[in-house]
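To start, the structure itself, in structure tokens.
Taken together, the values in this text are just the output of simple stated rules run on the coordinates, not laboratory data. Worth saying up front: this structure is predicted, and the values here are computed from it rather than measured. For neighbour counting, all protein chains shown are included, and Cβ atoms are generated from backbone atoms with ideal geometry for every residue, glycine included.
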Amino acid sequence: MIACSCDVCTKGTKKDHRLRSSVHIEQNGFHLNIDAGPDFRYQLLRENIKKLDAILITHCHKDHIAGLDDVRSFNYIYKKAMDIYALPRDIEAIQREFSYAFSDVRYRGVPEFNTIPIGHKKFFAGNMEILPLPALHMKMEVLGFRIGDFSYLTDTNYIPGETLERMTGSRVIVLNALRKTPHPSHFCLDEAVKVLKFLHPEQAYITHISHLMGFHDEVEKELPDFIHLAYDGLKIEI
Ligand SMILES: [Zn+2]
Ligand SMILES: [Zn+2]
């Protein structure tokens, strides 16, 4: 965290130093990102990602959409607008945040977005079948996504029964937990562990972790075998 001098921020190892939450998924040559926060550009450069076909948006908070301007590189190289799948509310927010990309008179080089509204129903991005996982971020609706045996859900502190059913049978689940102490709009670690024990996938990863969680290596030891703290650059194959 900027200006923080806690032990995690000053003495932590690589796994303690995190950029904003996001995931990149590749299936049969189709590349998709979930969210594009302020670190989107650096994350794609760091991971040497050369292709991106679509972006799914969980919700319109800045830490999940602020990096969208940088799709312009893909627009330039692939000569097409970037498909952005989001709730209608979040499309409106993107249109406000990046108004210059939607105005009638556009400067050359502004990002090109092809916004596609989604709801709770299953949809396809390319050949990828995606099942939305609606949940609550305090009072705000957010969407997680299930793609095959992989479920990703962040920025929530309440998952309705119907969404738990949609997640059931996932082999890998990524779920958010901010810290050990309770928080009004994010799961704390115990709450996330409880949900994960209920769903019991083969592997689970905690994301959207703050410096207040403590050291990665220490917290990792306290968790059940199938639950891990995610870290920047983590790669998994399903
Ligand atoms: Zn700190
Ligand atoms: Zn967030």
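Some points to look at:
- Database remark: amide H of Ile49 closer than 5 angstrom to no amide H (H placed geometrically; neighbours at sequence offset of 5 or more, or on other chains; Pro and chain starts carry no H).
- Whole-number percent relative contact order across the stretch 24-74, with pairs defined as alpha carbons under 8 Å at least 6 apart: 43
- Whole-Hz Karplus values for the stretch 220-226 come out as 3, 5, 7, 8, x, 3, 8 Hz, taken residue by residue from phi with 6.51 cos²θ - 1.76 cosθ + 1.60 and θ = phi - 60°; glycine and proline positions read x.
- Around the amide H of Asp155, modelled in the peptide plane, lie the amide H atoms of Asn176, all under 5 Å away and 5 or more residues distant in sequence or on another chain.
- The mean sequence separation of alpha-carbon pairs under 8 Å and at least six residues apart, normalised by the residue count of the chain, gives a relative contact order of 15 percent.
- Tilt relative to the chain, helix 88-97 - C-alpha long axis, 0 to 90 degrees, to 10: 70
- Ordered from longest to shortest, the equivalent ellipsoid semi-axes for the chain are 29, 21, 17 Å, each the square root of 5 times a Cα gyration tensor eigenvalue.
- Length added when fully stretched, Leu212-Val110, from 0.36 nm per residue minus Cα-Cα: 33.0 nm
- Filter on Lys122/Lys235; Lys14/Lys80; Lys62/Lys197; Lys50/Lys221; Lys14/Lys121; Lys122/Lys180 - keep pairs with C-alpha separation over 28 Å: Lys14/Lys80; Lys62/Lys197; Lys50/Lys221; Lys14/Lys121; Lys122/Lys180
- Spacing of the two label points (7 Å from each Cα toward its C-beta) at Cys9 and Asn28, in nm: 4.6
- Antiparallel %, DSSP beta bridges [both residues in the chain], to 5: 45
- Calculated mean residue ellipticity at 222 nm for the chain: -6000 deg cm²/dmol, from DSSP H runs with n ≥ 4 weighted as -39500 (n - 2.57), summed, divided by the residue count and rounded to 500.
- Along the stretch 201-217 the Karplus relation, 6.51 cos²θ - 1.76 cosθ + 1.60 evaluated at θ = phi - 60°, assigns HN-Hα couplings of x, 5, 9, 9, 10, 8, 10, 6, 8, 9, 4, 6, 5, x, 5, 3, 5 Hz to successive residues, with x for each Gly and Pro.
- Sorted by Cβ density within 10 Å, fewest first, the residues Ile55, Ile116: Ile116, Ile55
- Calculated FRET efficiency for the pair Asn48/Leu136, C-beta based, R₀ 35 Å, to 0.05: 0.45
- Taking the empirical scaling 2.2 N^0.38 Å for compact globular proteins as reference, the stretch 190-238 has a Cα radius of gyration ratio of 1.13.
- Helix 189-199 axis, angle to the chain major axis (alpha carbon atoms, nearest 10°): 80
- Average Cα contact separation per residue, the stretch 72-213, under 8 Å, 6 or more apart, as relative contact order %: 16
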